[in-house]
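Notes for the one structure printed next.
Quick note: the coordinates plus some simple rules give every number you see, no bench work behind them. The structure displayed is predicted, hence computed values, not measured ones. Cβ coordinates were reconstructed from backbone atoms using ideal geometry, including for glycine residues, and neighbour counts include every protein chain displayed.
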Amino acid sequence: MGNVNPALIATQLGEFTAQYTKQGLARLQFPCTKFDPVANPIKPTTRLLDLSAKAIDAAINGTTPRTLPPLDLSSATDFQRTVWALLQSIQVGQLETYGKLAYRLNNPKATRAVGGACGANPIPILIPCHRVVGANGSLTGFSAGINWKVRLLRIEGVELPLH
C-alpha cells in the first residue's frame, strides 16, 4: 500500500497518532512527539479507529479500557511481548517496579531488560508502561517524556512524588 497517512485520534489531551497494519494497531504516539513510521501501514477501518479512540479515551480518563483494538506486536521479541503482557496486568492507579517485574518473570537479573522492553513499547497507555517505576520510586524514563508519565499517573490518582 506504500504511503499511508497515520490516523489522528483527537482527545482532551491532544491528538494521538495511530498507525495500523493488517494485524491491528502497531504504534500509538503521544501528541507532539516525533513521528516514527511503522512498516507496511494500512488505512484503518472505522471500527478499528473507533475501538482505538474509545480505549485511549478510557485510559486518559483513568479507567481500564473495556476493549482494546487488535494489537500488532509482531515486530517485538518474545521477551518484550512477555513484559508487555505483564504490564497489562497492572491495574489503574497501581505501580510496579522494574525489578519486581523481572522477579515475576522468574528472571530477577533482568531489571534493565524489563526497562528496555518498557522503553520499546510501541503502544503506550494501552500497554501501560507508565505504571512502572524505579526501585526507589523514581519515575525514571518514559518514551513520550517524563511529563506525560507524571500526567497519566496523576490522572490515575497516584500521589506524587513517590519518594
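Explain nothing, just compute: Karplus ³J(HN,Hα) = 6.51 cos²θ - 1.76 cosθ + 1.60, θ = phi - 60°, for every residue of region 50-57 in order, whole Hz, x for Gly and Pro.
Karplus-based 3J(HN,Hα) across region 50-57 equals 5, 4, 5, 4, 5, 5, 5, 4 Hz.
Given points 7 Å out from each Cα along the Cα-Cβ axis, report the Asn147 to Gln23 separation in nanometres with one decimal.
For the pair Asn147/Gln23, the computed spacing is 3.3 nm.
If you take the alpha carbon radius of gyration of region 31-101 and divide it by 2.2 N^0.38 Å, what ratio comes out, to two decimals?
1.29
Fewest first, what order do Cys32, Cys129 take by the number of other Cβ atoms within 10 Å?
Listed from fewest to most nearby Cβ atoms, that is Cys32, Cys129.
Do you know the relative contact order of the chain, to the nearest whole percent, from alpha carbon pairs under 8 angstrom that are 6+ apart?
With pairs under 8 Å counted, the relative contact order is 20 percent.
Which of the lysines could a cross-linker bridge to Lys54, judged by Cα under 28 Å and excluding same-chain residues fewer than eight apart?
Reachable lysines: Lys22, Lys34, Lys43, Lys149.
In percent, what relative contact order does region 1-81 have, based on Cα pairs under 8 Å that are 6 or more apart in sequence?
Relative contact order for region 1-81 comes out at 28 percent.
Got a sec? Charge dipole of region 7-60, +1 on Cβ for Lys and Arg, -1 for Asp and Glu; which of Gly14, Ile42, Ile56 is way out at the positive end?
Of the listed residues, the answer is Ile42.
Can you compute the radius of gyration and Dmax for the chain, using only the Cα atoms, both in Å?
When restricted to Cα atoms, the chain yields Rg and Dmax of 15.4, 49 Å.
What list of ³J(HN,Hα) values in whole Hz, one per residue of region 98-105 in order, does the Karplus curve 6.51 cos²θ - 1.76 cosθ + 1.60 (θ = phi - 60°) give from phi, with Gly and Pro shown as x?
Running phi through 6.51 cos²θ - 1.76 cosθ + 1.60 with θ = phi - 60° gives 4, x, 5, 5, 4, 4, 5, 8 Hz.
Residue by residue through region 118-123, what is 3J(HN,Hα) from phi via Karplus (6.51 cos²θ - 1.76 cosθ + 1.60, θ = phi - 60°)? Round to whole Hz and write x for glycine and proline.
Working through the residues one at a time gives 4, x, 8, 4, x, 10 Hz.
Give the peptides 53-62, 8-17 in descending order of average Cβ contacts within 10 Å, highest first.
Highest mean packing first, the order is 53-62, 8-17.
Take every Cα-Cα pair in region 5-72 and report what % of them are more than 19 Å apart.
26 percent
Could you size up the charge dipole of region 15-163 around its Cα centre, putting +1 on the beta carbon of Lys and Arg and -1 on that of Asp and Glu, and report it in debye to the nearest 20?
I would put it at about 160 debye.
Given the DSSP H assignment, sum -39500 (n - 2.57) over each helix run of at least 4 residues in the chain and divide by its residue total; what's the result at 222 nm in deg cm²/dmol, nearest 500?
For the chain, the value works out to -9000 deg cm²/dmol.
So, R0 is 41 Å and r is the distance between the beta-carbons of Arg154 and Ala76; what FRET efficiency does that work out to, to 0.05?
0.90
Over every pair of different alpha-carbon atoms in region 78-155, take the mean of 1/r and invert it; report that Kirkwood radius in Å.
Radius from the Kirkwood sum: 12.2 Å.
Mind listing the lone cysteines of the chain, meaning no other Cys beta-carbon sits under 4.7 Å from theirs?
Cys32
Once you keep just the Cα pairs under 8 angstrom separated by 6 or more residues, what percentage relative contact order results for region 78-155?
So the answer I get is 32 percent.
Give the long-range amide H neighbours of Ser143: residues separated by 5 or more places, or on another chain, with amide H under 5 Å away, using H modelled in the peptide plane at 1.01 Å from N.
Long-range HN contacts for Ser143: none found.
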